[in-house]
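What follows is a set of notes on a single structure, which appears directly below.
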Amino acid sequence: MNESICILAGNANKPLAQAICTIIGCPLGRGDVKRFSDGETSVDIHESIRGRDIFIVQPTCPPTNEHLMELLVMLDATRRASAKRITAVIPYFGYARQDRKASPRAPISAKLVANLLTVSGADRILTMDLHAGQIQGFFDIPVDNLYAKPVILDYVRNRYDGDLCIVSPDAGGVERARAYAKPLKADLAIIDKRRERANESNVMHIIGSVTGKTCLIVDDIVDTAGTLTNGAAALIGEGAKRVVASCTHGVLSGPAISNLAGSAIEELIVTDTIPLREEAHSLGKITVLTVAPLLAEAIKRIHTGSSVSELFL
């Protein structure tokens, strides 16, 4: 496998790429992703990849546009170097929240990004917890959408027991919350909210009983943490004993850290699909779980032509 597979990484999350390589047992591919003085992206691959199975690990996390451009240029470079197959491993798929026309004359940017990735040379996409599952249909190439649920569930089982209630932060996340509540044999509650504008939310009321319970708010992305902090306050107001939260992608942009610091949330569980900002490490409320073993197993199965469907559970 080591001779036919090559894992490359941009600058978005090299520690995750290195962890994947350690698990698989192959070295991280030698290459540089730099910028010219005018900001243009430059890619140099320092080993032969002709006829090899290439996996490029690059989440499109902030700064999103820079990391997306790195990925596109790396795809073009590997395609022109005669790679046998190129899989873009995108643990966090940026622009996923722009998956429809939410207002007149608005773009569908997720579809645009799908087109860019395909045209640049991607033969396959491996991603995790897409914000909208239908984005898989934006591609005309195979897309494997993994879920961080098994990793988070293992941690929650070992840390929280007793009267647990899984909480969906909005009506759209009910299916995800139910998928967590069932294996944990926990109750389910929903936060009914109204969003007036982007990155702002107003909690209306709680659907379900949370009195005296440990509430786990389950989401896929935490951006400014406004939804989480407002939801936590509402849960405490309804009699919840304590509030914790989990998400796959801890974007934590803008005022997220200050919002979390002053909130009722005791712990925020995230994965390492996105590297945390420096300020987040000193907060003391954030626990990072690794998804490297899950991604490594998926890469091995794709490379060997084995079934990946077991990892979707």
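Restricting attention to region 255-278, which residues are out of contact with any Cys (no Cβ under 9 Å at 6 or more places or on another chain) and in a loop (DSSP other than H, G, I, E, B)?
From region 255-278, those out of contact with any Cys (no Cβ under 9 Å at 6 or more places or on another chain) are 255-267, 272, 276-278; that's our starting set.
Of everything in region 255-278, those that are out of contact with any Cys (no Cβ under 9 Å at 6 or more places or on another chain) and in a loop (DSSP other than H, G, I, E, B) turn out to be Pro255, Gly262, Ser263, Ala264, Asp272, Leu276, Arg277.
Take the residues in region 267-282 that are without any contact (Cβ under 8 Å) to a residue 40 or more places away in the chain and within 21 Å of the chain's Cα centre (by Cα); name whichever of them is surrounded by the most Cβ atoms within 10 Å (Cβ to Cβ).
Here is the first cut: in region 267-282, the residues without any contact (Cβ under 8 Å) to a residue 40 or more places away in the chain are 267, 276-282.
Retained after the next criterion (residues that are within 21 Å of the chain's Cα centre (by Cα)): 267, 276-281.
Details: Glu267: 16, Leu276: 16, Arg277: 16, Glu278: 8, Glu279: 12, Ala280: 19, His281: 10.
Across region 267-282, the extreme among qualifying residues is Ala280.
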Here is a list: Ala240, Ala264. Which entry is in contact (Cβ under 8 Å) with a residue 12 or more places away in the chain and either surrounded by fewer than 17 Cβ atoms within 10 Å (Cβ to Cβ) or out of contact with any helix residue (DSSP H, G or I) (no Cβ under 8 Å at 6 or more places or on another chain) (or both)? Ala240
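Check Leu311, Leu252 and return the single one that is on the phi > 0 side of the Ramachandran plot, touching a helix residue (DSSP H, G or I) at 6+ places or on another chain (Cβ under 6 Å) and not in a strand (DSSP E or B).
On the way: Leu311 fails: on the phi > 0 side of the Ramachandran plot.
None of the other options fit; the residue is Leu252.
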Which residues, taken from region 91-146, are closer than 17 Å to Met69 by Cα and of a type in the set (Gly, Ala, Ser)? Gly94, Ala96, Ser109, Ala110, Ala114, Ser120, Gly121, Ala122
Wholly enclosed helices (runs of 4 or more DSSP H) of region 98-195 bearing at least 3 residues surrounded by fewer than 19 Cβ atoms within 10 Å (Cβ to Cβ), free of Cβ contacts under 8 Å to residues at least 40 places away in the same chain and touching a Ser or Thr at 6+ places or on another chain (Cβ under 9 Å): 174-184
Per the filter on region 292-311, residues in contact with a Leu (Cβ under 7 Å, 6 or more places away or on another chain) and among the acidic types (Asp, Glu) are Glu297
Among the residues of region 288-299, is any on the phi > 0 side of the Ramachandran plot, small (Gly, Ala, Ser) and touching a residue at least 12 places away in the same chain (Cβ under 8 Å)? no
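We did not get these values from a lab; they are worked out from the coordinates using the rules stated. Note that this is a predicted model, so its numbers are computed, not measured. Counting neighbours? That spans all protein chains shown, and the Cβs are built from the backbone with ideal geometry, glycine included.
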